[in-house]
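Enquirer: I am attaching a structure below and will ask some questions about it afterwards.
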Amino acid sequence: MGLSHVGHSGEERGDSEQGRGSRAGLIPQPGAMTLGRPARHRAVGEHLGMTIQKINPDTIAPPHGHTQVIVATGSKHVYISGQIAIDVDEKLLGEGDYETQGYHTVKNAYAAIAASGANPKDVVRMMVYVVDPTQENLEKLYGGLARATSEAGGSTTAMTLIGVVGLSTPGALVEADMTAITD
């Protein structure tokens with residue numbers, strides 16, 4: 001999937017596969033506007049006829065580790081159930097460790113996405129549920145989420161994090177589900 005980003009400075013950067021074809025007009029050029037204000041970031045990816053457009057408008061707070069708006073087209077929608085940090089033998093990984101549980105939770109979520117035939121760059125939304133989401137715990141968690149996403153070849157996506165009292169498995173601190181769109 002080719003991606004091209006236009007950031008704050010207006011300079012364009014992209015991955016090794018630029019093939020934007022006829023959708024090149026969806027990427028704002030320097031000076032482009034979003035809702036009457038300069039666009040901070042937009043990206044367009046193509047994958048078998050699917051387009052993902054990422055927008056972080058200046059009219060809302062800047063994101064930290066996610067994208068504020070995802071516009072996706074495609075005919076195959078993939079919804080995975082919530083995943084936690086367990087291995088195939090159902091053993092909890094990283095007891096009491098937010099970074100380790102965040103890492104294995106998202107790693108399992110990407111494995112579920114892959115089982116559907118989608119890939120990490122097809123993910124358009126991630127929901128994360130966290131027990132005791134203090135600033136200290138969240139900083140550790142974000143490290144694990146970022147490492148798993150990077151290793152899987154994923155990128156920022158729309159994300160919501162919700163603090164919860166507990167999860168279905170004793171000792172689990174983090175649960176995540178994802179939505180992907182392909183084709």
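Enquirer: Taking 0.36 nm per intervening residue step and subtracting the Cα-Cα distance, what contour gain separates D183 from S150 on full extension?
Expert: 9.6 nm
Enquirer: Here is a further query. Can you give me the accessible area per residue for segment 67-183, using a 1.4 Å probe, in Å²?
Expert: On the way: 5550 Å² over 117 residues.
Per residue, segment 67-183 has 47 Å² of solvent-accessible surface.
Enquirer: Please enumerate, by chain and number, the lysines with C-alpha under 20 Å from the C-alpha of K140, excluding those fewer than 8 residues away in the same chain.
Expert: By straight Cα distance, K140 reaches K107.
Enquirer: Between S116 and V69, with labels modelled 7 Å along Cα→Cβ, what's the label distance in nm to one decimal, could you check?
Expert: 2.4 nm
Enquirer: Now for a different question. Based on the Cβ-Cβ distance from T134 to I60, what FRET efficiency comes out when R0 is 25 Å, to the nearest 0.05?
Expert: The formula returns an efficiency of 0.50 here.
Enquirer: While we're on this one: Can you give the extra length, in nm with one decimal, that the chain gains between H77 and T160 once fully stretched, where that is 0.36 nm per residue apart less the Cα-Cα distance?
Expert: Extending this stretch completely gives an extra 28.0 nm.
The values are calculated or read from the model by the stated rules, or taken from the named source; none is laboratory data. Note that the structure is a prediction, hence the values are computed from the model and not measured. Cβ: placed from backbone, ideal geometry, glycine included. Neighbour counts: every protein chain shown. For accessibility, only protein heavy atoms count, side chains too; no ligands or nucleic acids. Shrake-Rupley method; radii C 1.70, N 1.55, O 1.52, S 1.80 Å.
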